[in-house]
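The block underneath contains the structure these notes are about, expressed in structure tokens.
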Amino acid sequence: MRKLIVMLFVCLPSLGFASGGGGPMMSANVDVTNTASLQRGAQTFVNYCLSCHSAQYMRYNRLAEDLGLTEDQVMENLNFTGHKIGEQMKIAMTGDDAQRWFGTAIPDLSVIARSRGADWLYTYLMTFYVDESRPFGVNNVRFPDVGMPHVLSELQGVTHAVFHEEVDEHGQTHSTFEEIEILSPGSQTEDEYERTVLDLVNYLVY
């Protein structure tokens, strides 16, 4: 399993999970009894999320126990931080560092599924799209004006959001989201990407 080196700008805290959102909600249909899904989700998490977001309420040895892996498998394939098997899944950046560098703390993802819900996370990760007016060139249907790059874009590809606009009797224009179109494919097919996101959300729920 390769370790993805994520550029520092991905760590910008404006992800802002506490902010509101819009757009329709998709159903995640998670199954935390699916061990294979949890293992794949853990792999995606450590490769794409753990560089900037900690999971301090989880320890590597507990991960091995719950996911049916040996401690050697976890240390070889899921631990790229240099921590010991009994230590928490933390990152090197401290809260003070994040506050000083970025102006706010980066959220820990240990219990993000409890605060947001599986469907919210699934919809969020499925609905990034290109928007050159945004600082990182992307926006999000579920989380309008998101300040985070699409860290899974190499998997999903370049996307476009299709909106239907209507003018009401007061002359106000309203946009309704219809679908996400793939403009340039990523390394995964649409079905493969959906499974990757579902596995990641499944892991976060677990």
Neighbour-count ranking [beta-carbon atoms within 10 angstrom, fewest first] of 162, 205, 130: 162, 130, 205
Length-normalised contact order of segment 95-206 in % [C-alpha pairs under 8 Å, at least 6 apart]: 25 percent
Two-decimal Rg/Rh across segment 115-206, once Rg and the Kirkwood Rh are taken from alpha-carbon atoms: 1.02
Simple spin-label estimate for residue 92 and residue 180 in nanometres, 7 Å along Cα-Cβ: 3.1 nm
Two-site FRET efficiency, residue 56 against residue 32, from Cβ-Cβ distance with R₀ of 30 Å, rounded to 0.05: 0.90
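Roughly how big is segment 35-205's charge dipole about its Cα centre, with Cβ charges of +1 (Lys, Arg) and -1 (Asp, Glu), in debye to the nearest 20?
Details: 11 positive and 26 negative charges, 191 e Å.
Its charge dipole is roughly 920 debye.
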Under 16 Å from the residue 187 label point (7 Å along Cα→beta-carbon), backbone N, segment 50-91: 50-51, 78
Vicinal HN-Hα couplings computed from phi for segment 183-194 (Karplus, 6.51 cos²θ - 1.76 cosθ + 1.60; Hz; Gly/Pro x): 7, 9, x, x, 7, 10, 6, 4, 5, 5, 5, 4
Whole-angstrom gap from segment 126-151 to segment 157-206, using each part's C-alpha centre: 11 Å
As computed over segment 35-205, the Cα convex hull volume per residue (Å³): 141 Å³
Contour minus Cα-Cα distance for residue 145 and residue 119 (0.36 nm per residue): 7.4 nm
Two-site label geometry, residue 172 and residue 133: point separation in nm, points 7 Å out along Cα→Cβ: 1.8 nm
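Coordinate-derived values only; no laboratory data. In this text the structure is predicted, and so the values were computed from the model without any measurement. Methodologically, a virtual Cβ is constructed for each residue, glycine included, from the backbone with ideal geometry; neighbour enumeration extends over all protein chains shown.
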